[in-house]
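What follows is a short report on a single structure.
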Amino acid sequence: MRVKTLVFTLMLFTSCLLAVTPTTQRPQPSQALEKQVDTLMVYRTIPQDLTPEQAALQAENMFGLSGQIQEHEGSYYLTVGNKTLIVNSVTGAIWYTDYTLLWNISVTPTLPNLDTCQGIAAEFLSTHSLLPVGAYLKDSGSTNATAQSVETEETLSKILSYSINYGVMLGSIPADGPGAEISVHIGDGGAIIGLECQWRSLERYSEFPIMPTNLLEATLEHSLHEIDEYEIESQTLVYYTEPGDVDQTYVYPAYRFEITSEMEGEEFRFTRYIPATEFSPKVEITSPTYGASFANGIAPDTISFDCQVTYGAAPYNYSWSSAETGNLATTKSFSTNALPILSRDSVIYAHTVTVTVVDANGQTCQDVVLITITPGIPTITVIIVVIATIAVIGVGGGVLLLRRRRRKLLALLFALLIVFGFTLVPTLLMTSQGTDLKGVHTPFPQGRPTPGEDNLLETGVEWLGEKDALPFSQANTHGFYDWMETEGGFDARYNLGDEAAWEVDYKHADYGGIASVRVDSVDFAYHNGHGNPNGFFFNTMHDDTFMHYSQARWGVGDLEWIALDSCEVLMFETWTGDTVFDRWGSALQGVHMILGFGTDSINQETRGGRFALFVTGISYGPFQLLPSSTVKNAWFIACSQTENSNKQAAVLYSTKADDPWNAPLDDPSNDHANGFGYFCSDPIPAKWWVWIAIQC
């Protein structure tokens, strides 16, 4: 395994001297000035406060759309036929999609060359004043579709559209993150069939001291928690911008680290952002010790929680929570002896306790600690002690017996059973150790004991969190889980995180797994963690720390769709020449579609919730604000809203069609979630495997 390397070259450049305002010009990136500085500028966003009338005017002028604008939680929606426009009223972010042409597998377009597409995009963006000062042509991408015959391995490929992507420089430093994306999608005949413009208007706020090099290094290392060995492949100073539907008051400088690590011989990559100045607060849990254990016996151990905050702006607001049991406290420090034992299938696992700090500027930071609550003194001993205390009245020497060694309590038990008869046996049996222990918390309902289709709607999620350098996985999966339960009408069957998320949940019984009663017992599953082209990772040995594609046989039971929010799982081809069909084709045993990424991806807080929203659409009574999308389209638009343009979202599915480019209605490409439109019969036996990937 590679050793950890931290190479910090802190050549910082001068900050931007100009406020960012809309322009019709197309400036190129500023040249980096090799001048070390001690401070960097932080920018403040300028709320747009757009009205429905302004959104309607944009719809008409840009895309020729007219109709009743609908409003939901700060965004305006307009759908005309297969065309949808979404405008965020606060940030001004715009998303436009023509579903007839964008991501449509049945379309074989006539596309202009890339130079012509760049000209079309530049003219459109300039005409509608969508290019800010500092905008530059960053890259170009495409939506690709490839199909392979299951029987003959014949391969068909085509390009569905091109995307022209712009970035923004703030002085000599590039903006980064989904909020820095300005992308135009161009389809058949040069038509504009999609737009993402998530850039916010900014103004200069103030300059702040740069975080010292040694503290930056320590902050990065601490944030990786259980990732002990890693290499930093690259580090880039950027201004990080949230997705355009997220309320972001300040745009601050941060270091983007591209990191490679390894587990059980499998390599994985991920991205971590570390704030670069003292503007952003930093919190570290100082008590209890990471990985500590505490007993939950007759006198439960009291656990003291405390943390230390540096930088940012006081006063600070604190929030402590356990991923398994919810909110714990809202003070800087507190003590408790009430945390339950966590157990899954008789295996005790750790609490993930997170402290979230929000400073006076609304800036947020987090830290996490894992602690295990164990039975300590067995519950049966607790019963004995209580009896012995009572025995002071009826049995001489009871108090003295309490002070003797534990091995002598067994003699006391025998004596007491003689004194009281065996009337206490039922009580002792009811409180014996195992998953029935008093105080044991089981965080999910049991899945069906047998596989197979049913008429219920169910969903389940699993995730690896901040201890694995994925700070937003819990919120991300919960966004999907909660929305599908409350708005989608799905039964929320299981929610398993960190040490409760197990590889066997995805593994077929032929390989020792329990997929039939976990992932294959629900209709819609969502997983968020590290991944690579061969599978995805866990941090426990149940049975393994890596779910390999060769052990997946999904859809034998109830599973229809599974989202793998993990890097590179659906990469088209590995360096060894193994295609996505070679790797994951055998997993398609009735599951309608696997959704994931063909490249690495950013750990995002809002993707799961956005995905679920587009799956179900938004309706109030008879009023439909946003139609439900196909599962495929919902994934693509959620990823395009939450990723950088150099990332690739992908889907893989089977089809029974003779021609994958002209599939019938009964095909996964037309799937909606249960209850939200048509969804196909299980696509078996498959004639073709189909892979579609978009530039986000």
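The values are calculated or read from the model by the stated rules, or taken from the named source; none is laboratory data. What you see is a predicted model, and the numbers here were worked out from it, not measured in a lab. With ideal geometry, Cβ positions are generated from the backbone for all residues, glycine too; neighbour counts draw on all protein chains shown.
Observations on the structure shown:
- Residue, farthest from the chain's Cα centre (by Cα), within segment 538-579, restricted to residues that are among the aromatic types (Phe, Trp, Tyr) and surrounded by fewer than 23 Cβ atoms within 10 Å (Cβ to Cβ): Trp575
- Test: residue in segment 561-575 that is in contact with a Cys (Cβ under 7 Å, 6 or more places away or on another chain) and not charged (D, E, K, R): no
- Residues satisfying the stated conditions in segment 153-183, i.e. over 26 Å from Val251 (Cα atoms) and either surrounded by fewer than 22 Cβ atoms within 10 Å (Cβ to Cβ) or at pLDDT below 95 (or both): Glu153, Glu154, Thr155, Leu156, Ser157, Lys158, Ile159
- Residue list for segment 284-307, restricted to those being β-branched (Val, Ile, Thr), surrounded by 19 or more Cβ atoms within 10 Å (Cβ to Cβ) and touching a Ser or Thr at 6+ places or on another chain (Cβ under 8 Å): Ile303
- Close pairs from segment 244-263: first over 22 Å from Ser201 (Cα atoms) and of a type outside the set (Asp, Glu), partner at pLDDT below 95 and part of a loop (DSSP other than H, G, I, E, B), Cβ under 7 Å, at least 6 apart: Ser261/Ile227; Ser261/Glu229; Met263/Thr545
- Ser223 at pLDDT below 95, polar (S, T, N, Q) and touching a helix residue (DSSP H, G or I) at 6+ places or on another chain (Cβ under 9 Å): yes
Residues are listed down the side, and each one gets a yes or a no for (1) under 13 Å from the mean Cα position of the chain (by Cα); (2) more than 16 Å from Trp561 (Cα to Cα); (3) of a type in the set (A, V, I, L, M); (4) outside the structural domain of Gly531 (by TED's automatic domain parsing):
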| site | (1), (2), (3), (4) |
| --- | --- |
| Pro471 | yes, yes, no, no |
| Arg493 | no, no, no, no |
| Trp502 | no, yes, no, no |
| Gly512 | no, yes, no, no |
| Ser516 | no, no, no, no |
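- Subset of segment 188-229 (residues that are over 26 Å from Ala175 (Cβ atoms) and either in contact (Cβ under 8 Å) with a residue 60 or more places away in the chain or within 22 Å of the chain's Cα centre (by Cα) (or both)): Asp188, Gly189, Gly190, Ala191, Glu221, His222, His225, Glu226, Ile227, Asp228, Glu229
- Candidate set from segment 66-82 (those that are closer than 30 Å to Pro664 by Cα and either of a type in the set (Val, Ile, Thr) or in contact with a Gly (Cβ under 9 Å, 6 or more places away or on another chain) (or both)); member that is surrounded by the most Cβ atoms within 10 Å (Cβ to Cβ): Leu78
- Residues that are of a type in the set (Ser, Thr, Tyr) and in contact with a Phe, Trp or Tyr (Cβ under 9 Å, 6 or more places away or on another chain) were ranked within segment 188-229; the one that is surrounded by the most Cβ atoms within 10 Å (Cβ to Cβ) is Tyr205.
- Of the strands (runs of 3 or more DSSP E) that lie entirely inside segment 495-551, those containing 1 or more residues that are without any contact (Cβ under 8 Å) to a residue 24 or more places away in the chain span 546-548.
- Asp139, sole failed condition from (1) surrounded by fewer than 23 Cβ atoms within 10 Å (Cβ to Cβ); (2) farther than 22 Å from Val107 by Cα; (3) out of contact with any Gly (no Cβ under 9 Å at 6 or more places or on another chain): (3)
- Output for segment 633-653, where each listed residue is over 16 Å from the mean Cα position of the chain (by Cα), buried (at least 24 other Cβ atoms within 10 Å of the Cβ) and of a type outside the set (Val, Ile, Thr): Leu652, Tyr653
- For segment 233-264, filtered to residues that are at pLDDT 95 or above and among the hydrophobic types (A, V, I, L, M, F, W, C), the residue that is surrounded by the most Cβ atoms within 10 Å (Cβ to Cβ) is Val251.
- Any strands (runs of 3 or more DSSP E) falling wholly within segment 163-275 and containing at least 2 residues that are of a type in the set (D, E, K, R): 202-209, 230-240, 250-263, 266-275
- If you filter segment 307-318 down to residues that are more than 17 Å from Tyr290 (Cβ to Cβ) and in a strand (DSSP E or B), you find that the one that is nearest to the chain's Cα centre (by Cα) is Tyr318.
- Check on Leu613, crowded, with 23+ Cβ neighbours inside 10 Å, over 24 Å from Thr108 (Cα atoms), aliphatic (A, V, I, L, M) and in contact with a helix residue (DSSP H, G or I) (Cβ under 9 Å, 6 or more places away or on another chain): yes
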